[in-house]
1. Report whether or not P256 is open to solvent by 50 Å² or more (accessible area, probe 1.4 Å) and modelled with pLDDT of 75 or more.
2. Take the conditions more than 15 Å from E155 (Cβ to Cβ), of a type in the set (F, W, Y) and in contact with a Leu (Cβ under 7 Å, 6 or more places away or on another chain) and apply them to Y79. Does it pass?
3. Just to check your reading of the model, which residue among E359, E304 is over 21 Å from G163 (Cα atoms), at pLDDT 85 or above and either of a type in the set (D, E, K, R) or not in a helix (DSSP H, G or I) (or both)?
4. Filter the range 80-123 down to residues that are part of a strand (DSSP E or B) and hydroxyl-bearing (S, T, Y) and give me whichever is surrounded by the fewest Cβ atoms within 10 Å (Cβ to Cβ).
5. Checking R279 against (1) within 30 Å of T203 (Cα to Cα); (2) assigned to a helix (DSSP H, G or I), only one condition comes out false. Which one?
6. Conditions: (1) surrounded by 16 or more Cβ atoms within 10 Å (Cβ to Cβ); (2) more than 29 Å from the chain's Cα centre (by Cα). K140 meets all but one. Number of the miss?
7. Just to be sure before I move on: is Q331 touching a Lys or Arg at 6+ places or on another chain (Cβ under 7 Å) and assigned to a helix (DSSP H, G or I) in the structure I sent?
8. Within the range 143-157, restricting attention to residues that are modelled with pLDDT of 90 or more and open to solvent by less than 60 Å² (accessible area, probe 1.4 Å), which residue is nearest to F23 (Cα to Cα)?
Amino acid sequence: MKFFDEARIEVIAGDGGNGAATFRREKYIPMGGPDGGDGGKGGDVYAVGDRNLNTLIDYRYKRTFLAERGENGRGADCYGKGGDDIELRMPVGTIISLQETGEVIADLDHDGKRVLIAKGGRGGLGNLHFKTSTNRAPRKKTMGQEGERKSLNLELKVLADVGLLGMPNAGKSTFIRAVSSAKPKVADYPFTTLAPNLGVVRTSENRSFVIADIPGLIEGAADGAGLGHQFLRHLQRTHILLHIVDIAPFDPEADPVRDAHAIVEELRKYDEELVNKRRWLVLNKLDLIPDDDERKERITAFLEAYGPVERHFEVSAISRAGCQEVVFAIQDILDEEKAAAQAAADAAAAARAAAGINEEEEADDADYIEDDQTDYEDEDDDDEIRNS
């Protein structure tokens, strides 16, 4: 199945049913009066996040989605049936925005999240509602309102904890195969990976994280070279970026330092926040440098030429040497971030609870003061009565 991470659709909520203008006509009941019912409400359109989906291919060919219209009202006080709602199930991580303005109206960032994206029209009123003491036979009714109609952009940003980036043939797919059960295509030519791949890395029974591999970047991607920037959106939700560098390229004219800086520059052209994410260097293909002294010299020369880096690792993805060190370092950082986020949430909850208690105490104090003031006023009134 092909991977589609963008789509354009049109959603049309159901129109409301029309109200009825009828009168009661039964044997032995002359001039029965108005009995027109209201029209039913039009169906709504909802978007629902579904973790069992991983692509927007369902919206590649069918692009118009219409909810059911509400039924018209009828006589004998019969109200029209409301139109059925429809649910559009989308992969978790889908962002829904308006085509005209680009305004984001929904972010399906967790499984089961249900968001109203188009509201059905209200049903019209029957003449039953317009009966008054001076107008006992109203022939007025209202028509149902139209449902909302929206043209939407769907953009999928995969939810992953770690993202891999680097030049084509740097070994990203080999690395994700080494640390997870994902099986992306691996070959000895550039741009083997044409779509993002996700893998689950399990470090213990209850500890794991998700890693995402995207197609390789090359210099000039911002101008459309290679596959361009079209897959970089999938790195925006990650916590850590692993920059895979081929430390032993086959091309003698290739410069790993220049290539690594080119990748960083392409990130900056796409999104400044992406550049500021935690980014670790993973120097790959050390198995191609069998001599230990040469390997150390090449790594030292690369790090000196590249400049300051938060952390770097030395691995051979094809033999899995050094990969476990990277995996456990990532898990430790993710655990720390999770614990910090939980502590912040607990502190905020405690602060809200304390604020609520203080508000209740202030309200009680205010009531107590008001009661005391009332008692004093009553005592003053009693004194005035006695004096008079």
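1. Values: open to solvent by 50 Å² or more (accessible area, probe 1.4 Å): no; modelled with pLDDT of 75 or more: yes.
Taking the combined requirement at face value, the residue does not satisfy it.
2. Values: more than 15 Å from E155 (Cβ to Cβ): yes; of a type in the set (F, W, Y): yes; in contact with a Leu (Cβ under 7 Å, 6 or more places away or on another chain): no.
The answer is no for Y79.
3. Numbers: E359 fails: at pLDDT 85 or above.
After ruling out the rest, the residue left standing is E304.
4. Within the range 80-123, the subset part of a strand (DSSP E or B) is 86-91, 94-98, 104-108, 114-118.
Within this subset, residues satisfying the condition of being hydroxyl-bearing (S, T, Y) are 94, 97.
Numbers: T94: 26, S97: 16.
Ranking the candidates gives S97 first.
5. In the conditions (1) within 30 Å of T203 (Cα to Cα); (2) assigned to a helix (DSSP H, G or I), R279 misses (2) alone.
6. Unmet condition: (1).
7. Details: touching a Lys or Arg at 6+ places or on another chain (Cβ under 7 Å): yes; assigned to a helix (DSSP H, G or I): yes.
Criteria met by Q331.
8. We begin by selecting, within the range 143-157, every residue modelled with pLDDT of 90 or more; these are 143-154.
Those still in the list that are open to solvent by less than 60 Å² (accessible area, probe 1.4 Å) too: 144, 147, 150-154.
Values: G144: 20, G147: 29, K150: 39, S151: 42, L152: 44, N153: 48, L154: 49 Å.
It comes out as G144.
The values are calculated or read from the model by the stated rules, or taken from the named source; none is laboratory data. The shown structure was predicted, so the numbers you read here are calculated from the model rather than taken from an experiment. Cβ: placed from backbone, ideal geometry, glycine included. Neighbour counts: every protein chain shown. Accessible surface areas use protein heavy atoms only, side chains included; no ligands, DNA or RNA. Shrake-Rupley method; radii C 1.70, N 1.55, O 1.52, S 1.80 Å.
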